[in-house]
1. May I ask you to verify whether Ala180 is surrounded by 15 or more Cβ atoms within 10 Å (Cβ to Cβ) and either under 15 Å from Asp128 (Cα atoms) or in contact with a helix residue (DSSP H, G or I) (Cβ under 7 Å, 6 or more places away or on another chain) (or both)?
2. Report whether or not Arg190 is closer than 15 Å to Asp130 by Cα, at pLDDT below 80 and in a loop (DSSP other than H, G, I, E, B).
3. Would you please name the residue that is surrounded by the most Cβ atoms within 10 Å (Cβ to Cβ), looking only at residues in the stretch 51-66 that are small (Gly, Ala, Ser) and at pLDDT 85 or above?
4. Of the residues Asp128, Asp81, Asp69, Asp91, only one is modelled with pLDDT under 80, surrounded by 10 or more Cβ atoms within 10 Å (Cβ to Cβ) and charged (D, E, K, R); which?
5. How many residues does the stretch 140-165 hold that are modelled with pLDDT under 80 and either touching a helix residue (DSSP H, G or I) at 6+ places or on another chain (Cβ under 6 Å) or not assigned by TED's automatic domain parsing to the domain that holds Glu129 (or both)?
6. List every residue pair whose Cβ atoms sit under 8 Å apart, with the two residues 6 or more apart in sequence or on different chains, where the first one lies in the stretch 15-30 and is on the phi > 0 side of the Ramachandran plot and the second, anywhere, is in a loop (DSSP other than H, G, I, E, B) and charged (D, E, K, R).
7. Hey, Ala38 hits all of (1) surrounded by 11 or more Cβ atoms within 10 Å (Cβ to Cβ); (2) modelled with pLDDT under 85 but one; which does it fall short on?
Amino acid sequence: MSNETTATVIRDNHFCGSVGDFLRPHLKIGANLSVVSAYFTIYAYQALKAELDAIGHMNFLFGDPAHRDQLKAWFDRLWNDADLVADVKQDVLQYLAQIYQNHPPEFIYYKTLYHIFEKYLGDARKTDEDLGATTLFDTEIWKTLFDFQKDGAKGAINKILAHNGCILADSVGLGKTYEALSVNETGFARRPSGRKLCLLAVHVAALLSIMAKL
C-alpha cells in the first residue's frame, strides 16, 4: 500500500486504495459496520456480498463533518485530473442545439431510414469491396439490373454468406429472377468447399401465405 493510501482515511478505488480491500479484514462474522449512505451503493454490496451477509449489524450514516475538507480535496483532485475528466460542455451544447433545431419532415424521414438500415448499409459497403474483386460487376446480367435490384442482390449475397441461405421475396415484375441470376454469378461460385447454399425467389404474397401455415 502506498504512503498516500496509508496517510488518508479515504478509499476511492483509484488514488487512495480499494474500498473492498480496506473493508474485508474488518468484516468478520457478527461485526458491526457503519457506512456513509451516500457513498454505499448496490454495486458496493454486490462486490462484498459474501462478507456483508455474515456481519451482525450495519449502520447508515449521513456524513461526518470531520472529514469534509478531506473529501473536498479528494474530489478536487479527481475533478482536475485530465486523464479522468474531460470538458464536454461545448459538445453537449452542440448536441442540444442539433436536437432542438427545426428540421423539415424529409430530413426526419431520411434520418429514421438511416438508423433503421445503418447495419445493412455497412454490410453493403463491405459487399461492394468484396464483389469488386470478382467479375460480377462486368457481367451482362448485372448491367441490366436497376439500382434497387442491385441492392436486393447484394443483400441476398450477404444473407447467403452469413446464413447459408436466403429467401428473396418481392412483388410480381420487380426482377426477382434477374436478381437471383446475378447472385448465382458470384454467391454460389464463392461458396467454401463442402458448404451447401440455397437461394429461394418467391412472390411476397406466396411467402406470406406459406408463413401463415407454419
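1. Here the answer is no, as Ala180 does not meet what is asked.
2. Yes, satisfied.
3. That would be Ala54.
4. Asp128
5. Here the count works out to 1.
6. Gly17/Arg11
7. (1)
The values are calculated or read from the model by the stated rules, or taken from the named source; none is laboratory data. The model shown is predicted, which means the values in this text are computed figures rather than measured ones. Cβ sites come from the backbone with ideal geometry, for glycine too, and all protein chains shown count toward neighbours.
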